[in-house]
Every structure is written in structure tokens, then in C-alpha cells.
Amino acid sequence: MGLTLHAQKNIYGYVQDSATGERLIGTYVKTIQQSASTSTNSYGYFSIQTTTDTTFLYFSYVGFADKIVAVYPNTELPLNITLSASFQLKGVKFTGRKDEKIVNSTQMSAITMNVNQIKMMPRFMGEADIIKAIQLMPGIKGGSEGSTGLYVRGGGPDQNLILLDGSPVYNASHLFGFFSIFNTDAINHVQILKGGFPARYGGRLSSVLDIAMKEGNMKKFKAEGSVGALASKLTLEGPIKKDKISYMISGRRTYLDFLLQPLFQLANGNNGYSQGYFFSDMNAKINWKVNKNNRLYLSYYTGKDKYYVKSKPYSYLYDGKTISDKSEDRNQWGNQLGGLRWNKVLNKNVFINTQLNYTKYYYEIVQSAESSEVNDTATLEQLNYNGFTSSIRDYSIKSDVEINNGKHYFRVGFSAIAHQFVPGRNTIKYKETGQRSIDTSFGSDQTNSLETSLYAEDDYEFSKKLKINYGLHFNLYNYKKSFFPSVQPRFAARYLLSKSWSVKASFANMRQNIHLLTNNNLGLPNDLWVPATDKVKPMSSNQIAAGFAKSFNDLYEFTFETYYKSMNHIIEFKEGASFLNVNNSWENKVAAGKGRGYGFEFLMQKKSGAVTGWIGYTLSWIKRTIPEVNFGKEFYYKYDSRHDISFVLNYKENEKWDYGMVWVFRTGNATTLATAAYPGYSPTSFYTTSPVYGYNGRNNFRFANYHRLDLSITRHIKKKWGMIDINFSVYNAYSRINPFYYKISTDNRGNKQIIRVGLFPILPSLNIGFKI
Amino acid sequence: MKNLFILTALLFTFIFTSCEKTEKVDNFPRHEGKLVANCFFTSDSTFKFVLSKSLSPIDNAPFKQLNSTKAFIKIYEDNIFFDSLVCKGGLYPTYTSTTNRTASALHNYRFECNYPGLGKVSGEDYLPDSSSVLKAKGYYTILNSYYDNDSVINGNYFTNLNIELSNNNPYLMVFIQKNSYYQGSSYPTGYQEIYEDITDLNSANETEYIASRLYISNSAGVKNINLKWTTDYGIVYKKRTTADYNIVVYSCSKAAFDYLKRQSLQWENQDDPFSQPTPMSNNIVNGYGIFGGVNVTNYLISF
């Protein structure tokens, strides 16, 4: 082995799954002789520097067998490293990542989740859900029972940059937040950052959730699907041209509408009306390996929820005339995303990714009725249409350049995003034969804004022990005639105490130029995205975090972090404001103020072996100060929860059986309850009138503590043609009534009483899946 | 429109709601009844108080106006004794003046009340100067007009009212009452509040339109306030009938303004499950209620 010291040189390439050709994001890569290390980026690309003629590279990825590869001076670059899934090896040998990546990396407050691990966890109504799994991590709260909201380190649900193949997702929920839009069968990789944001990220205050769709199998055709209690799904993938072009297409639809239709008919009789609800989504992707240095990806997602009541066209004779009626009321919302990405390895030092993205989220309510009257001489038609729509649409371009220069790993880039907002528009149409027609829109008009960003960051190995990541993110936001520039410094440092111990610290200044008008009580699809304006300024935050990371026996990872985050110009609905009131401009309905969140997070994870899982604990405080709310006094945020514990355990007994368990506990959410009732009064009356209610502060009361146990068992049945997976899950196994809200009712004796209303008692579900 | 949304939300809540549990009332904030003292004072009439006792929000009992003759209320003007009030019985007992003295604008007033069993409460406020209507011009416009079979113009009409107020006080509440006549008769319907938006033409003013009342907290320091009221949408059939309008302007102290505004919000939102909670403002020490100065101006116009 030629271990002669030589001039520095770069070894670069891609890491992929041997079975599918799928790129493996976040693979740990290390030079054995020099212990230099890195990990693959979002495209499975890595670049590492060495000084020896022959270099031994070590690759490790969760759920895959480790690999050591010798790279000789004449080895052709870029490398194409393939790793094999470890659970496919005979003899039920479970291996996994044996590395100190978490210890080595400057990045803190980051969590990577393996989709297979998520699928092993107990499911809610038969659906494995990425967001629900992420909510079990320390520092991340899920809001209300069953919802897919994300409240990260004191931030609001609007402060998360959720990216699906690089395109932002503005509403990640189906069915009023009970399910996320992410179909696990179509997802390859999930990472969330809660803090210590490198300069390449911007646009949101509290987190970056980066989700990569599957790229499609480059080797052979594969099909995967399932039939569940709520939805069924099917995923197809395969090569269009082997090892050159692949595709992936995945669809999912619920069938609540079909199942409930007979019940509605039973209740209402066959009155010509039908009503129902469904959600559906589709992911699609094409992946083209143009040549060894160029790759193109085309990604698409569309999904919607729809609730409808409609009458079948109905005709009857009346007074010698034929009269026909039909009507439809619908309430629907959905996302559409598209992205084109181009990866280019420019030379041994430089990797470039350029992408174009489009995203749209819309919400609409429509009531329409049509009728016609036909007699011998004329046809009279009448149309009534009453609609409300809101939407946000983004067009963006982005380019990132990665330059590996030995001790320095530079990243520079730019992005431009054009936002189009329609915060709320009513449309009324009225048309009648022979009469004047009305076609008018009122409410908020479309408004546009533009964001441009530049960034530069450097991951610098200062010494063998000290590594820092520093950078600047520059953002210029333009709305109408106003410009809001910002320079956002970022810094993170890691100091190695030993091979398995490191201490870390980070600082991140963030800016967010869009706001979400969200009702404090529920996470609903009609939450409105609106631009920052002169009156409602862009939000900003500063977050400092410090902690340490430790890996034990190559099996366990342990992190402890403490953080303090302050936020400015965050918005809340004013007291008494209601989003149902569209007559009032949104700017008049909100008040801006400050927020802060601080706390401690503890996470112990086991990612490899037959038993995997984690224990997470968060001790945190979340507060808000809004001059026009709570008489300007600081108050606890609705989702302030002092203690938050999660315990996740997956056990793979053998190739046939998996078991999963989740137990969560958290302090109850805060809510506002009246503490006194007394008669109201007006200057013109001298007697008691309707009651008014006194409160001793915003969010003055705590819900009962939340806790829940979920269990699952999965049987894998191997067939000649593939595999059948039967998953039986029990959500809320001991049927705890966790409070969703409280109501006051009257008992048989006429006494008022307080009722705790929970959403889900024990909920068993069955899901049958297959893989070909 | 909003009902469809609420129905949708309720449907799903119903589908998924299958578990309820009665909570112990002890788990909720306890309430100890306090004296509620309510009084708006003006320069037009003497001080009048309505006293009652607060209840827990989940209490079954109705509110009762208190009428103890052993209670006393004393009023001070600029810290000098001004008046004492005694209980006047009846169905709705009030505590009324013994001197017939009325408050004067731009003076501070304080009250003290000692009620048997409920202790002593007090409050303080000032009486702002009244705000006058400088100009008011009314007219109506017809939209979508057409001629009927008798060649008479018909159509939808909007009533327009431009109002200019003097601004002696930063906290105003404005609403409009209409006294129209039954079609083809000379019998008035009586003054009734109009439920359509009034717009403040100066966007720098902080305004909120709640339950047919416009609340203006004028932080911009504008001398005069111009309001536009394009409302009273209706259908002209043959001929629009003339109506009388009463422009009512409350010139309020800050305490009175906050109380009235928050009270309007609570009442308006009582059936809206999606509205934000609105705590009542309270300037009664050791009790609840309002002791607030309000000067009322009425301005009549017919067109």
C-alpha cells in the first residue's frame, strides 16, 4: 500500500443503494489513514481530501452494511459507491452505522430520520407519517392531538421551511391536520434542523425540514402498495433506460367518502344529494444520469382535500314547464409543487446544483346553484355562485456551489423567489336570462413580493479538534415600494474532547418575510399566508445553542443541548379577531410583538441492531409579548409545554416479525378560560345586560397532561413474487382521553359542568402492504 | 359561506369525537364573587350606578342587581367631595345622585363604594370633551338601474353619508341610527341601528368596526375626522323613501373606550368558535365593572 505523503488531492463521487441505484443522503465518509471525514450532501455527493497515494475510504449509512473502498492514484473519478441494505443479509445480521458523525460534525440541532424506521413505528389509522414521527423528537411539538403541526423551539407553525425536493410546502397537512401530505412510500430521506442553521438556509425562523423524494429504481421495475383503514396507495418505479433514466410515481387516496356515503343515505334518505370527503396526492419524479458529471431531476407533487355536498341534476315538470336544478357546495384545498434540478460536478473540487421550483397552495369554498326553466318559447337560466379563495404561489430559482479546498469546505449560492399572495377573495356571480348579471370580486387583491438571497459559508477545520462553520446570509425583500434588507450572520463550532465526545455551540440570526395568519385554536387549511408589509414587518430571530454529543460503543448516540431563541415582529390575531371576518383587512386583524423560547433537550438514540429507537426529553418555556394582547403583559404561548418525553422502541425479532412502541407524555397545552362572569353595561342602559367575561390573563389555564401509548406488530410474509407486510397498530392503547378542548354543558339536574373532549380513544388499524 | 366551513369542521370533529370525560370543577380557576360597579358618567345627567355581584362562568345563578340601602357610594371631583348616591329601588335598582350635580368635561372623578359583605371598591376616570359633528352630507346612488314596465327607474341603491367630526378627544365611538317610514305611510319605524360599515377616510387612524359601531382611537393627532358611510343597500322600487338618520358620537375616556370596544367584541364573537378570546378591561379596584366618562353627541339629518 503506497502510504507516501503526497500533495493534497480530492476524492469525490456518489454513494448509492446497490439494489435500487437510489442516492444515499447523509452517508458518512471517512479516510481511514487520516481520519478526515465528511458526509454525502442532498444529492448523495461527497468530496474529501487526502494526502496519500492510495486512500482507504470507509462508508457507513443507517440500515446498510459498511464498506471500505481503496482508491488508487489511477482510479477513475467520480466514484460510484454502492452500499447493500444490511437487513437483506442472511443470518439475520443487523448492522448499521458505526461512526462518530454526530460527534464530528459542526452541525448541531439536526435530526435525520430513516423512512424504514418510520414505517416500523406504530401507525395512526394505518398510515405511517413522517411529521408525526418528527414530532416525537425533543424540541419539536405537534400542537393539538393528532395534528401534523410543527412547533420548534418556541416557534410557530409558520416558521418551518418545509422542502419537498427543494420546493417549499405551505400546508403540509391533510384532513384538517390529522395526516401529513408526505406519502412515506415516495420518500427517501428526511432531515430536520432546529437550530445552528448554516448560511445556506434562510427564509424561516425555526426549522428546516428537508424531505427528498425517491429517485426511482435504476436497476429494475418495482411496485409497492398498501390497503389501509383510511387510504390505499401504490408506488411504481423503475428504469426508463437501465442505469441512465429512472422514474417514480406514487399515488394515495382515501375512501372515507365511499364508506360514509351509505350512512349519509341511510340518515337522509335518497334525496338526490351526495356528500363526502377525500384527500389524495401524487408524487412523481424522473431522474436522468446525463453523464458521469451531470444529473437532472424533475419532481412533481399534487394533492388536495375536498369536502362536497352536491345534488344530482334533477328535472321535473311544473305548470307546463321543464325545470332543472343542480347545486354544489365544496370546500377544498391543496398543494402543487414542481422542481427541476441540475447537479453538475464541475471538476474535482466543485459541485454545483441549480434548480427551478414552483409551488402553490390554495384554499377555496364555493357554493353554486344552477337552474333552468324550459317552456315552449324560451329557456330561462339562472346561476348563483358564491366563492371564497385564498392562495400563495412561488416561482423560484436557486443555485448552490460547493467547493472542497482541504481544510475549507466552501458553499456559496443565490436564490430569487417571487411570491404571489391572494390572502382572501370573495367572488359573487349572478346570472339570469334577460336580467343584468353580476360578476364581482372583493376582498384582498393579489399582491406580489420578491426575495433575493446570497450566501457564503465555510466549514473550516481549524485544527484536529476544532472545526467551525461560519457564514453570512444576505436577503433583500421587496414588497411594493418598500425594501427590507438583512444580513444574517451564522456561526457554529465543534470541539472534540475525545474520539467519541464533542462540545458544540452555534448562533443563527434568521429573517422571515412571510407570515401565516393562523387561528390559535386549530390548525386549519384556511390559515392564510400573507407578505410582510410596512405595517406588519418581517419576522426575525436570534438563536444561541450549546451542547455536547457523545457516541457509545458505536451503537448509541447521545446529545444534550440548551438553547435560547428570541423572536421579533411575530404576529398573533388581535383579541376578538376572527379569521371568518373577511370584511376586515388582515393587517387590521393582527398584532405584532416579541417571543422567546428556551430550554434543554436530551436525546439518546440507538440506530442500529435488532432493537432501535430513542428516548427524548425536553424541558422548555415559550412566551410571547404582544402590546395589543393580554394588556401588553407577557404570556405563555398556547403550545408552551414544560415537560415533553418521548420513548420510541422498534424491535426486529427476525425477518418475519417487527414490533413497535411509542409512549409520549407532555404537559398540557395552555388555553384561555374566563375566570369571572358579570353583567355588561352601556351608557344608554341602567340595568344589567348580557354577561361579559373577565380573564386573569391570556392562556391562564392548562389542559390536563397529555400521554399516550401506541403499539404495533408487523408480519412480513415472503412470497415468490415479493413480500407482503401486514401491520396491526393500536393508537392510544390505554384509551387515554387527552383533551382537545373543554366545553361547558348542563347535567340532568340542570347544573353546569365542564367536559373534557378528546378526539381519539383507542384506535386499532390494519394495513396490508406489498412489494414486488 | 362561513357556515359551510363551520359545518365541515364540525362534521369531522363529530366523526372523530367519541370520547368525553367530565372534569372536576376544582381543576378550573376558582372564583370568589366580587362587587361589580357599573357607571358611565356624562355632562348631561347625574351619576348613576348599577351594582351586582360577579359569578363563576359556570355558575347557574342569574345576575341580580344589588339594592342594599346600607351601601354607600361617594363621588369626588378632582379629589374634592362631589356627591353621594343612594339606592333607588324598583325592578332595576340603581344608585342615584342626592344632589343632582352633573360632571363637567375635562375633570377627574373618583368613586368609593362600600357594600356590605363585598367590601370596598373604588375607581377613577376623567370626562373627555364632547366631539361635535361639523358637517354631514347625505345622498344616494342607484346602481344596476333599469326601467320597469311603467317606465319608472328601479335598481339597487346605496346610501352615502359623509361626516366630518371635530376631534377634541382621541377615543371615539360612532354609529348611525335610521328612522325610516313604512312604505307609503307616514308612520316611522323608530330609530334603529344600521349594521353596515363606516369607513374612516384617514387610514392613519386606528379604527375597528365591531357590531355596527366604529371605534376610532386616533393616535395620528388629526384635527378633524372624515367618515364615509356607504351603506343601507336596498332596492329602489318606483321611488326611494326619505329617511331620518341620527349620527351618534361617543367621546370616551380611554377606560370607557376599552370597555365598550371589548364588550362589543365579546358579544359579537359569542357564537364564533374561531375568534380570539377578549379579556374585559376593568378599572374597578377590588371589583369588576366600569367607571368611565363618556360625552354623547347626536346629530340628525334627513335625506
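For the reader, a short list of remarks on this structure follows.
- Taken together, the residues in the stretch A:347-376 that are away from chain B (no Cβ under 14 Å) and either assigned to a strand (DSSP E or B) or crowded, with 16+ Cβ neighbours inside 10 Å (or both) amount to 19.
- Among the residues of the stretch A:37-71, the ones that are in a loop (DSSP other than H, G, I, E, B) and either in the same structural domain as A:Phe410 (by TED's automatic domain parsing) or free of Cβ contacts under 8 Å to residues at least 40 places away in the same chain (or both) come to 4 in all.
- Residue that is nearest to the other protein chains (Cβ to nearest Cβ), among those in the stretch A:742-761 that are open to solvent by 80 Å² or more (accessible area, probe 1.4 Å) and in contact with a strand residue (DSSP E or B) (Cβ under 7 Å, 6 or more places away or on another chain): A:Ile744
- Counted as qualifying within the stretch A:206-320 are the strands (runs of 3 or more DSSP E) with 2 or more residues that are at pLDDT 90 or above, namely A:207-213, A:222-227, A:231-241, A:245-254, A:273-291, A:294-311.
- Residue within the stretch A:646-664 that is within 14 Å of chain B (Cβ to nearest Cβ), in contact with a His (Cβ under 9 Å, 6 or more places away or on another chain) and assigned to a strand (DSSP E or B) present: no
- Test set (1) under 29 Å from A:Asn700 (Cβ atoms); (2) more than 7 Å from chain A (Cβ to nearest Cβ); (3) modelled with pLDDT under 70 - B:Lys53 fails condition number: (3)
- Condition check for A:Lys326: open to solvent by less than 80 Å² (accessible area, probe 1.4 Å), assigned to a strand (DSSP E or B) and more than 14 Å from chain B (Cβ to nearest Cβ): no
- Output for the stretch A:120-162, where each listed residue is of a type in the set (A, V, I, L, M) and part of a loop (DSSP other than H, G, I, E, B): A:Met121, A:Met125, A:Ala128, A:Leu136, A:Met137, A:Leu150
- Residues satisfying the stated conditions in the stretch B:73-93, i.e. within 12 Å of chain A (Cβ to nearest Cβ) and either outside any loop (DSSP other than H, G, I, E, B) or surrounded by 17 or more Cβ atoms within 10 Å (Cβ to Cβ) (or both): B:Lys88, B:Pro93
- Scanning the stretch A:313-344 for residues that are touching a residue at least 24 places away in the same chain (Cβ under 8 Å) and out of contact with any strand residue (DSSP E or B) (no Cβ under 7 Å at 6 or more places or on another chain) yields one hit, A:Gly320.
- The stretch A:495-516, residues that are assigned to a loop (DSSP other than H, G, I, E, B) and not polar (S, T, N, Q): A:Leu497, A:Lys499
- Once the stretch B:245-270 is narrowed to residues that are within 15 Å of A:Thr672 (Cβ to Cβ) and part of a helix (DSSP H, G or I), the residue that is modelled with the highest pLDDT is B:Arg262.
- Residues in the stretch A:717-735 that are over 15 Å from A:Met120 (Cβ atoms) and open to solvent by 60 Å² or more (accessible area, probe 1.4 Å): 5 in all.
- The stretch A:49-100, residues that are of a type in the set (A, V, I, L, M), modelled with pLDDT of 80 or more and either touching an Asp or Glu at 6+ places or on another chain (Cβ under 8 Å) or farther than 21 Å from A:Asn217 by Cα (or both): A:Leu57, A:Ile68, A:Val69, A:Ala70, A:Val71, A:Leu77, A:Leu83
- Residues satisfying the stated conditions in the stretch B:62-72, i.e. open to solvent by 50 Å² or more (accessible area, probe 1.4 Å) and either within 10 Å of another protein chain (Cβ to nearest Cβ) or not charged (D, E, K, R) (or both): B:Pro62, B:Phe63, B:Lys64, B:Asn67, B:Thr69, B:Phe72
- Residue that is nearest to A:Gln159 (Cα to Cα), among those in the stretch A:595-631 that are among the β-branched types (Val, Ile, Thr) and open to solvent by 40 Å² or more (accessible area, probe 1.4 Å): A:Thr625
So that you can scan it fast, the table gives a plain yes or no per residue for (1) at pLDDT 80 or above; (2) within 16 Å of A:Tyr693 (Cβ to Cβ); (3) part of a strand (DSSP E or B); (4) open to solvent by 10 Å² or more (accessible area, probe 1.4 Å):
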{"position": "B:Ile216", "(1), (2), (3), (4)": "yes, no, yes, no"}
{"position": "B:Asp232", "(1), (2), (3), (4)": "no, no, yes, yes"}
{"position": "B:Asp272", "(1), (2), (3), (4)": "no, yes, no, yes"}
{"position": "B:Gly292", "(1), (2), (3), (4)": "yes, no, yes, no"}
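- Flag not set for A:Asn738, criterion: buried (at least 18 other Cβ atoms within 10 Å of the Cβ), within 12 Å of another protein chain (Cβ to nearest Cβ), within 20 Å of A:Ala128 (Cα to Cα) and modelled with pLDDT of 85 or more.
The values are calculated or read from the model by the stated rules, or taken from the named source; none is laboratory data. Just so it is clear, the model here is predicted, and its values are computed rather than measured. Note that we place each Cβ from the backbone using ideal geometry, even for glycine, and neighbour counts take in every protein chain shown. Accessible surface areas use protein heavy atoms only, side chains included; no ligands, DNA or RNA. Shrake-Rupley method; radii C 1.70, N 1.55, O 1.52, S 1.80 Å.
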